[in-house]
Each structure stands twice: as C-alpha cells, then as structure tokens.
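The values are calculated or read from the model by the stated rules, or taken from the named source; none is laboratory data. Keep in mind that what you see is a predicted model, and the values were worked out from it rather than measured. Quick reminder, even Gly has a Cβ in these numbers, built from the backbone with ideal geometry, and neighbours come from all protein chains shown.
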C-alpha cells in the first residue's frame with residue numbers, strides 16, 4: 001500500500017513547476033536536479049504528465065516544460081492519477097464484477113471508505129499552495 | 001497504491017473467524033474455502049496472523065484456528081499491519097532520515113495526512129461489526 005517512486009517523483013516535479021514564475025519553462029535536466037529525481041526516470045514521468053495535459057512541452061530556444069493550467073487548478077490527485085491511473089486501493093474497487101463477494105462483503109465498504117478519504121486528502125492538496133508552503137518552509141530552514 | 005492480495009485474503013479470513021461462534025475453531029482448508037482464498041496462500045497468511053498474535057492455532061482433534069482475542073478488540077488496521085507491517089504510504093514516512101527533503105517538502109505533509117486518514121478508517125473498522133454486517137448483507141441477498 002505504498003505509492004511507487006514514479007508518483008513521488010512526479011509530485012515533486014509538479015510542485016517545483018508550480019513554484020516557478022508564470023510563463024517560464026524548465027528543461028528536463030534542471031527539473032531532475034530541482035526535484036531530486038534520477039534522470040533515468042524523468043522522461044517517463046514528463047511524458048505521462050504531458051499525456052495527461054498537466055504540463056506543456058516547448059521545443060527550441062526558451063523551450064522546456066511548464067504547467068498546462070494555473071497551479072491553483074491542479075491537485076495532487078490529478079498528478080497521482082496522471083502517473084498511475086485512477087486510485088484503486090483494492091482490486092474489488094476496480095469494478096462491480098472484479099470480486100463476487102463485493103455485494104455483501106463488509107471489508108469492501110471499508111476499502112471504499114478508505115479510498116474516498118485518500119482521494120479527499122489528495123484532491124484538497126492544490127499545487128500553488130504546496131509550492132508556496134515548500135518555499136516558505138525551505139526559506140525558514142535556511143534562515144535559521 | 002494498492003493493497004496486496006495477501007492483505008485482502010487475510011482480512012477475509014479474519015472476518016470469517018470473527019463470525020464463527022466463540023470457542024469454535026476452523027481448519028486451514030475450510031478457512032480457504034470460506035474466504036475464497038487460494039490454498040497456496042493460506043499457510044503464509046495464517047502464519048503471519050499467528051505470529052502477530054491475532055489468531056491461535058490448536059493441533060489434534062478439535063484443532064484449527066480461532067481469534068486470539070475478542071473480535072471487538074481487533075481492527076482491520078491490526079490485520080493489515082500483521083500481514084504487511086506498518087502502513088507506509090510513501091518512503092518519506094518511514095523515518096525522518098529516509099528523504100532529505102522531508103523537513104521542507106509540502107508533499108511530505110500531504111502523504112502523512114493521507115496515511116493518518118487511512119489508518120483512522122482501518123482502525124475504526126472492528127472485526128465483530130464487520131462480521132455481523134457481512135452476515136446481514138449476505139442473508140438479505142439470499143432472502144431476496
């Protein structure tokens with residue numbers, strides 16, 4: 001029940017992009033360094049984020065990656081789903097036919113509730129606030 | 001971010017045991033059948049539940065498995081932890097030293113919050129209630 005590394009890295013990249021001045025772009029190696037992401041992961045992550053239309057990619061001079069919409073309109077739930085698809089805490093939640101016990105299994109209801117809570121937390125975590133929060137915490141650490 | 005099959009199966013077994021009359025035991029093949037668990041998984045699951053002192057195992061005539069304490073004192077969180085160890089939604093939550101960004105990373109706080117909510121839901125799901133709920137839902141389905 002642990003998120004995979006790709007999701008963790010994708011979230012870091014998106015928070016970094018959300019903290020950049022609007023209209024600026026960042027290239028792949030700079031993103032990898034800023035988000036502490038192994039370069040071998042970066043192209044896969046960026047491709048998924050582009051495919052999910054969370055980021056845009058521009059070529060040539062001034063090219064690189066930027067958020068496709070305002071950071072206030074992107075949540076961690078969007079990022080997680082872009083990278084690993086819809087959250088599915090247990091296989092019985094995938095569809096009504098995945099488990100023939102789900103119509104009477106009380107555990108099914110608990111898994112569904114747990115997934116709903118997880119989605120609520122991630123859906124309430126908006127990128128612009130996370131970027132500001134990270135920058136504030138980092139400044140406060142450096143200012144000590 | 002999906003629970004593994006062993007956890008799902010372990011939860012089913014524990015709810016089944018919780019629904020049995022107090023003082024009765026069930027043997028491995030019967031548990032596997034009742035919980036729809038492939039027999040190849042059962043011994044591994046039962047061993048972990050015994051090691052975590054959630055169930056007792058008795059040998060000989062009248063032997064088999066039973067809950068080690070009242071079903072009202074066992075939660076799904078206990079069962080999940082018995083089978084796969086402490087919940088750790090992201091590697092940064094494992095210990096303060098696992099990620100050098102955790103002192104200032106806003107995502108770290110979101111993962112911690114999501115994990116707390118997950119633990120709350122599982123910790124509030126008590127086996128005796130789940131067993132009763134499953135039996136009620138199943139009877140109501142069969143009574144249609």
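Quick notes on this one:
- Selection from region A:9-50 of residues that are outside any helix (DSSP H, G or I), touching a strand residue (DSSP E or B) at 6+ places or on another chain (Cβ under 9 Å) and on the phi < 0 side of the Ramachandran plot: A:20, A:22, A:24, A:25, A:26, A:27
- Lone unmet requirement of (1) surrounded by fewer than 18 Cβ atoms within 10 Å (Cβ to Cβ); (2) more than 7 Å from chain B (Cβ to nearest Cβ); (3) under 30 Å from residue B:75 (Cα atoms) for residue A:103: (2)
- Some residue of region A:84-100 being under 20 Å from residue B:110 (Cβ atoms), surrounded by 17 or more Cβ atoms within 10 Å (Cβ to Cβ), under 13 Å from the mean Cα position of the chain (by Cα) and in contact (Cβ under 8 Å) with a residue 40 or more places away in the chain: yes
- Taking region A:4-30 as the range and being crowded, with 21+ Cβ neighbours inside 10 Å and closer than 13 Å to residue A:57 by Cα as the test, only A:17 passes.
- Under the condition of being more than 9 Å from chain A (Cβ to nearest Cβ) and either in contact with a strand residue (DSSP E or B) (Cβ under 8 Å, 6 or more places away or on another chain) or at pLDDT 95 or above (or both), the residues counted in region B:120-144 number 4.
- The lone exception for residue A:113 - which of (1) within 9 Å of chain B (Cβ to nearest Cβ); (2) over 22 Å from residue B:135 (Cα atoms) it fails: (2)
- Residue in region B:65-72 that is in contact (Cβ under 8 Å) with a residue 40 or more places away in the chain and assigned to a helix (DSSP H, G or I) present: yes
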